[in-house]
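The values are calculated or read from the model by the stated rules, or taken from the named source; none is laboratory data. Source: prediction; values computed, not measured. Because the Cβ atoms are built from the backbone with ideal geometry, glycine has one as well, and the counts that use them run over all protein chains shown.
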Amino acid sequence: MDYSTFLQLLNDEIARGDGSHKKQIIRFAHSRDYRKCMSHFMKLKSSLTMLSAVQPSRIIHAMICPAIPEGKLNKFKNDIFFEEDTRMKVHGTLHKTSVQWDHGIPWGVQQIRAPQTWATTTGHRIKIGVIDTGVDYRHPDLRHSLMRGINLLNRNMLPHDDNGHGTHIAGTIAAANQMKGIIGVAPRALIHPVKAFDHNGSAYVSDIILGIDWCVRNRMNIINMSFGMKSSSKSLLNAVMNAYNAGIVIVASSGNDAKRKSIDYPARYPQTISVGATNRQRRVAKFSNRGSFIDIYAPGDKIVSSWLRGNYNEMSGTSMATSHVSGAIALLLAQNPTLTPGEIKSLLRRSASTIRGRRLHSKAPGEVDALRLLREAKA
């Protein structure tokens, strides 16, 4: 492969672009070609100025760049694969704005019996990458839980939340304000916000991939993915597989379409822990996807958590359920740091409590139970 010619062509086609915001992912057939191309890329990017619009992704040996017309790089068709960069949405819906909250433990955190584990584990120093809309760094309930993250939409800015969804997720996982605010499932876990979603709760697949890349390089223990899309992406699957192989537990929401035989991606990938939502009655929430693709359920209906400008909000969705599961895994990993992602999925399923409306001998997945999870790991 002639890397210089390839990069020159890419530069020229980007310069000729139509000004649209469409993007594409260019994957290399062989990792050695990616590495050699990157070496040329570093040398040439000062002279080929349009290459500044290209973002390398080490985790999947790819380049993310503005979309160029099909066929323009035909001479390299044996060395590279193209994938259109699609969009996806967060999995949560807002119910009430500016909920009044006195202080204490939300019902979902109580229902999964997290407080009964805090005498032995609080998720101390477990690193959780929350790929979402960012987080409110000024929220008093999150002050002790937030660490360095990244803003993939604007690398020069902190991953500040301009939507609210990411702040809500972070609160359920690791809020720690006993006196005046809420307490999350794992109050001493560490949240690393990865802002990939805009103020509308929408993101490109490529930004998710770059977020996973960041989480792997910065050695997260858990990645929380409270979002999804209907179609599969080869590039996203590769990123998820590589993070899984690096020992990172990936927790993903199944979607809010009340489907019985299908769930959204990336939750559908076997390398993730797929999460459905339950309500206060320990039944599957009406909106939640369900069925054989679900690994575990957790509270996701009318969940109060932290919000923008120090406020609180009530939200529903498999997004909210996913944050409960990420918190429970943080409690587990703080006590059992050598567990693999596969072992954790198995422990979650074995220790789950039976959901109401299910036969006792049913093989269907149950609801996460943090106390039983820790006991199962000890056993």
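Filter region 242-293 for residues that are outside any loop (DSSP other than H, G, I, E, B) and either among the hydroxyl-bearing types (Ser, Thr, Tyr) or not assigned by TED's automatic domain parsing to the domain that holds residue 364 (or both) and give the result. Result: 244, 253, 265, 274, 278. Scanning region 20-39 for residues that are buried (at least 17 other Cβ atoms within 10 Å of the Cβ) and either aromatic (Phe, Trp, Tyr) or over 22 Å from residue 88 (Cβ atoms) (or both) turns up 28, 33, 34, 37.
Only a single item in (1) of a type in the set (Gly, Ala, Ser); (2) touching a Phe, Trp or Tyr at 6+ places or on another chain (Cβ under 9 Å); (3) modelled with pLDDT under 95 is not met by residue 321, and it is number (3).
Looking at region 322-337, I want the residues that are in the same structural domain as residue 220 (by TED's automatic domain parsing) and have a partner that is among the acidic types (Asp, Glu) and assigned to a helix (DSSP H, G or I) with Cβ atoms under 9 Å, at least 6 apart or on another chain. Which pairs are those? Within 9 Å, the pairs are 336/343.
When region 17-52 is filtered for residues that are free of Cβ contacts under 8 Å to residues at least 40 places away in the same chain and over 24 Å from residue 155 (Cα atoms), the ones remaining, listed by number, are 18, 31, 32, 36.
Here is a yes/no grid of residues against (1) part of a helix (DSSP H, G or I); (2) touching a Ser or Thr at 6+ places or on another chain (Cβ under 7 Å):
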{"position": "314", "(1), (2)": "no, no"}
{"position": "319", "(1), (2)": "yes, yes"}
{"position": "347", "(1), (2)": "yes, no"}
{"position": "364", "(1), (2)": "no, no"}
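For region 102-157, the candidate set comprises residues that are closer than 16 Å to residue 323 by Cα and small (Gly, Ala, Ser); within that set, the residue that is surrounded by the fewest Cβ atoms within 10 Å (Cβ to Cβ) is 145. Checking 58, 87 one by one, the residue that is closer than 29 Å to residue 247 by Cα and in contact with a helix residue (DSSP H, G or I) (Cβ under 7 Å, 6 or more places away or on another chain) is 58 and no other. So is residue 329 under 17 Å from residue 190 (Cβ atoms), aliphatic (A, V, I, L, M), touching a strand residue (DSSP E or B) at 6+ places or on another chain (Cβ under 8 Å) and at pLDDT 95 or above or not? Criteria met by residue 329. Within region 164-179, the set of residues being touching a helix residue (DSSP H, G or I) at 6+ places or on another chain (Cβ under 8 Å) and either more than 24 Å from residue 332 (Cβ to Cβ) or modelled with pLDDT under 95 (or both) comprises 164, 165, 167.
Conditions tested, residue by residue: (1) touching a helix residue (DSSP H, G or I) at 6+ places or on another chain (Cβ under 6 Å); (2) surrounded by 21 or more Cβ atoms within 10 Å (Cβ to Cβ).
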{"site": "317", "(1), (2)": "no, yes"}
{"site": "326", "(1), (2)": "yes, yes"}
{"site": "332", "(1), (2)": "yes, yes"}
{"site": "335", "(1), (2)": "no, no"}
{"site": "346", "(1), (2)": "no, no"}
{"site": "349", "(1), (2)": "no, no"}
